[in-house]
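Here is the structure we will look at.
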Amino acid sequence: MWHKFRTYGLFLCLLLTLSAQAQAQTLSEHARVSLLTCTPGEELYARYGHTAIRVCDSIHELDVVFNYGIFDFNVDHFYWKFVKGETWYELGASPYWWFMREYEETHRPVYEQVLNFTPEQNEALWQALVENYRPENRKYLYNFVFDNCATRPYWLIAKVLGDTIVSDYSGNTGTTYRAFIRHYTGARSWSNAGINLLFGPKADQPMNSDQRLFLPEELMLYISQARIGDTMLVKSEQIAPFEIQPVPWYKTWYLGLVLYFICICLISLYDRKRKRWSWWVEVVAGVPYALLILIVIFLTFFSCHPLVGFGWRLLIIPLTHLCARFIYILR
């Protein structure tokens, strides 16, 4: 998702002008509203893609993108608040050409779905975005799975339509949060290993159709087959499933675990030969693991992260260590 912080210094005048312009005008009958879906990037925060809303009105020379993925990296105690799940995101607005520039430079496709709205619905969505963009309204408490850059546009579209959105896209209904996240981070990646260690049993609960929409690709595919009554929600689109790059074998956590096992085995063989236990190995391996447990305890009881908790995957590290030490113990 698109979480890159954007400073306001250079664009302050532009955004203030945009806000004032938006409040002063209504859209023409030729305006169109689109859902933009950005494909994944290299960074972990960008692995899941991003969602934004485009409002284009050629009559008023208006072409702006509203984006719920802005956060201020320089706020006081940012890392502490991030760990606790108390990160405040906000709605940003920028010209379409500026929004697209980053994705063009990194060769990341952006898919557009023009919504089949009436002029009145276009206007309602426009005014809702303008209202949300007011300084007193634009901030919200970010939550990765329940309230993010993809769920906010969906809720806004559903509110404007004033009806239940029905979609023929079933996708991966019933899939767990953990499985979904693993798909985008890569099952064998170190990122996925870290997430698995932190996530508890709640991450293994199956999701229904609405819960899946925290992921930009799922929202895109859901909207593509959505309808209101007998009318399709999308007027025109150019979309494609995300291409997830596989993790090379030399960057997998599997390889790291195997190398760790071999290393402890060699130390155990050396200890067996000299008939002396190397206690420093347990200290070196145990301290980081103890810190991991403390982090999980803290996040479980003192943070807002909904999926964090104790799970059996936390036993992988000590069991691997114990198995490697059996060479000495069972001599």
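The values are calculated or read from the model by the stated rules, or taken from the named source; none is laboratory data. Since the structure is predicted, the reported quantities are computational estimates derived from the model, not experimental observations. A quick note on method: Cβ atoms are made from the backbone with ideal geometry, for glycine too, and the neighbour counts reach across all protein chains shown.
Some observations on this one:
- Subset of region 262-276 [of a type in the set (A, V, I, L, M, F, W, C) and modelled with pLDDT under 90]: none
- Some residue of region 297-307 being closer than 30 Å to residue 34 by Cα and free of Cβ contacts under 8 Å to residues at least 24 places away in the same chain: no
- Within region 187-206, tally of residues that are under 11 Å from residue 309 (Cβ atoms), part of a helix (DSSP H, G or I) and within 17 Å of the chain's Cα centre (by Cα): 2
- Selection within region 155-183 - of a type in the set (Phe, Trp, Tyr) and surrounded by fewer than 19 Cβ atoms within 10 Å (Cβ to Cβ): 155, 169
- Close contacts from region 250-279, counting a first residue that is without any contact (Cβ under 8 Å) to a residue 60 or more places away in the chain and a second that is of a type in the set (Asp, Glu), with Cβ to Cβ under 8 Å and a gap of 6+ residues or different chains, come to 277/271; 278/271.
- The listed residue being assigned to a helix (DSSP H, G or I), assigned by TED's automatic domain parsing to the domain that holds residue 114 and either modelled with pLDDT of 90 or more or among the aromatic types (Phe, Trp, Tyr) (or both), out of 219, 259: 219
- If the condition is being in contact with a Pro (Cβ under 8 Å, 6 or more places away or on another chain) and farther than 17 Å from residue 121 by Cα, then region 52-63 contributes 52, 63.
- Screening region 66-121 for residues that are in contact with a Cys (Cβ under 7 Å, 6 or more places away or on another chain) and of a type in the set (D, E, K, R) and picking the one that is nearest to residue 303 (Cα to Cα) gives 84.
- Residue check, residue 202 of a type in the set (Lys, Arg), surrounded by 14 or more Cβ atoms within 10 Å (Cβ to Cβ) and within 30 Å of residue 188 (Cβ to Cβ): yes
- Verdict on residue 270 being surrounded by fewer than 19 Cβ atoms within 10 Å (Cβ to Cβ), farther than 27 Å from residue 48 by Cβ and in contact with a Pro (Cβ under 9 Å, 6 or more places away or on another chain): no
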